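The block underneath contains the structure these notes are about, expressed in structure tokens.
The values are calculated or read from the model by the stated rules, or taken from the named source; none is laboratory data. As the structure is a prediction and not an experimental result, all values here were calculated from the model. When we count neighbours, we look across all protein chains shown, and the Cβ atoms used for this are built from the backbone with ideal geometry, even at glycine. Ligands, DNA and RNA are stripped out before the accessible areas are found, and what is left, the full protein with its side chains, is counted by its heavy atoms. Shrake-Rupley method; radii C 1.70, N 1.55, O 1.52, S 1.80 Å.
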Amino acid sequence: MEESMTPDGVAAQRERLAEELRAYGASFTELGRRFAVTLGVHSTDAFALLEIASAEESGTPLSPALLSRRISLTSGAMTTLLNRLERAGYISRSREHSDRRIVTLRSSAQAKELARSFFESVNARQDAILAEHPPELLDRLQGILAQLRATMDADLRTERPEG
């Protein structure tokens, strides 16, 4: 049996992948913190704005409830955050759904331009790295990451005693 397929080999590979993902996450967090400084907002506000813009870009804009699940805020804290972003001119809230109780979050043109300008160079460098690999490999990697995330999400839904 090939070493990477033994239980110890798989566990070691998982640890190496996890370490790279942790390091990538730390770099992403620092980049987000610097974006927040550029915007003049708290890092949680900047991450919320990035979630709003990303969802909007993918054609599935968020409601405040969906956003609060993505960034783990209570409804009261979410309302305060959205008020700050709206006052700063970075987002708008609208009622676009047939159910008028549903609020849709949209990022402003100003916020989109600030994000584009801030992330343009790092995105271009990352795109160049990804372009070196066949799309099939990237699709497989994306699928593996989605499966790993789903496993963690399932575990997060399981209540555990605190302590």
Review point. Counting each DSSP H run of 4 or more residues in the chain as -39500 (n - 2.57), what helix-only mean residue ellipticity at 222 nm follows after dividing by all residues, to the nearest 500 deg cm²/dmol?
Key: -23500 deg cm²/dmol
**Study point:** Volume per residue of the C-alpha convex hull in the range 58-105, rounded to whole Å³
**Key:** 84
Review point. What accessible surface, in Å², does a 1.4 Å probe find on LEU31, ignoring ligands, DNA and RNA and rounding to the nearest 10?
Key: 50
**Study point:** Alpha-carbon Debye profile of the range 87-163, log10 I(q)/I(0) at 0.11, 0.20, 0.21 Å⁻¹
**Key:** -0.67, -0.93, -0.92
Exercise for review: Would you work out the relative contact order for the range 1-107, in percent, from Cα pairs under 8 angstrom that are 6 or more residues apart?
Suggested key: 19
Study note, to complete from the structure: Checking ALA55, ALA77, ALA36 against a Gaussian network model of the chain (alpha-carbon springs below 10 Å), the top fluctuating residue turns out to be ALA77
Practice item. Working with all protein chains in place, sort ILE102, ILE129 by solvent-accessible area computed with a 1.4 Å probe, largest first. Key: ILE129, ILE102
**Study point:** GNM result for the chain, Cα springs below 10 Å: residue of ALA111, ALA146, ALA131 fluctuating most strongly
**Key:** ALA146
Practice item. Springs between alpha-carbon atoms under 10 Å, Gaussian network over the chain: tell me which of GLY76, GLY89, GLY32 tops the mean-square fluctuations. Key: GLY76
Check your understanding: Leaving out ligands, DNA and RNA but keeping every protein chain, what accessible area does ASP155 have, in Å² rounded to the nearest 10, with a 1.4 Å probe?
Key -> 70
Exercise for review: Would you rank LEU145, LEU39 by solvent-accessible area, highest first, keeping every protein chain in place and using a 1.4 Å probe?
Suggested key: LEU145, LEU39
Review point. In whole percent, how big is the carbon plus sulfur part of the accessible area of the range 1-85, probe 1.4 Å, protein atoms only?
Key: 57
Check your understanding: Rg and Dmax of the range 1-93, Cα atoms, in Å?
Key -> 18.1, 61
Exercise for review: Within the range 22-130, list the GluC sites (Glu not before Pro) lying in a DSSP loop whose Cβ has at most 13 other Cβ atoms in a 10 Å radius.
Suggested key: GLU96
Revision key, fill the gap. Here the net charge surrounding ALA23, from other residues whose Cβ is less than 14 Å away from its Cβ (Lys, Arg +1; Asp, Glu -1), is -2
Practice item. Using the 2.2 N^0.38 Å rule of thumb for compact globular proteins, work out how the range 27-67 stacks up: its C-alpha Rg over that value, please. Key: 1.19
Point to revise | Accessible area in the full protein assembly, largest first, 1.4 Å probe, for PHE119, PHE47, PHE35, PHE28 | key: PHE28, PHE47, PHE119, PHE35
Study note, to complete from the structure: By the C-alpha gyration tensor axes a ≥ b ≥ c (rounded if a/c is under 1.5, else prolate when a/b exceeds b/c, else oblate), the shape of the range 35-163 is oblate
